[in-house]
Amino acid sequence: MHVDCSAIKFEATSGGNSVVPIVATSASTKSTFTFAFYGAAAALDTVKAGIHPLLAYSSFTPTATAIPMHLSVKVPQTTGGTDYFYGLAPSEATHKHTIKSITKAGVENDKRIYWIEGEYSCKGQQLPGTTTATISGKYRFKLWAVQ
């Protein structure tokens, strides 16, 4: 599964220590994800490529809001379907969220642009039910951070 959200504006409205939560559903894949990033460019400058938090999907809870650079996913079991696998917390070494690259780009509307590319692999569970499957994918986000 590939989710390219680079056409969507993920924009911070405040800097400092703020963490910006995202909940979005891809129109093309019907996958839903949560992600959070630092609102300040200075904080995003400290983020390195590598392993970052992968959370169980449970909509978007206040706890998840506070965890920067996390990812959680809900994906259709069948293409375009409304039957979903909900991502579970990592249970194996191969279950992880990896930010592959963070590229600082130009400035638009007084905000610094960052391109974030990553991938994930986790176990998903049908709810209600016990059917599980490995779900994996890649993403590309465009983030606007306060300078």
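The values are calculated or read from the model by the stated rules, or taken from the named source; none is laboratory data. It should be emphasised that the depicted structure is a prediction, and the values quoted were computed from it without experimental measurement. Cβ placement follows ideal geometry from the backbone for every residue including glycine, while neighbour counts extend to all protein chains displayed. The protein model used for the area step is the full one, side chains on, heavy atoms only, and it has no ligands, DNA or RNA in it. Shrake-Rupley method; radii C 1.70, N 1.55, O 1.52, S 1.80 Å.
Within region 25-36, the presence of at least one residue that is surrounded by 13 or more Cβ atoms within 10 Å (Cβ to Cβ), more than 19 Å from Ile135 (Cβ to Cβ) and at pLDDT 85 or above is confirmed.
Yes/no per residue for (1) open to solvent by 60 Å² or more (accessible area, probe 1.4 Å); (2) closer than 20 Å to Ile22 by Cβ:
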| site | (1), (2) |
| --- | --- |
| Ala89 | no, yes |
| Ala93 | yes, no |
| Thr98 | no, yes |
| Ser101 | no, yes |
| Glu108 | yes, yes |
| Thr130 | yes, no |
| Lys138 | yes, yes |
| Phe141 | no, yes |
| Trp144 | no, yes |
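Elements of the type strands (runs of 3 or more DSSP E) sitting completely within region 75-147 and holding at least 1 residues that are modelled with pLDDT of 90 or more, over 13 Å from the mean Cα position of the chain (by Cα) and not aromatic (Phe, Trp, Tyr): these cover 96-108, 111-126, 132-146. Scan region 47-56 for residues that are touching a Phe, Trp or Tyr at 6+ places or on another chain (Cβ under 8 Å) and free of Cβ contacts under 8 Å to residues at least 40 places away in the same chain and the total you get is 1.
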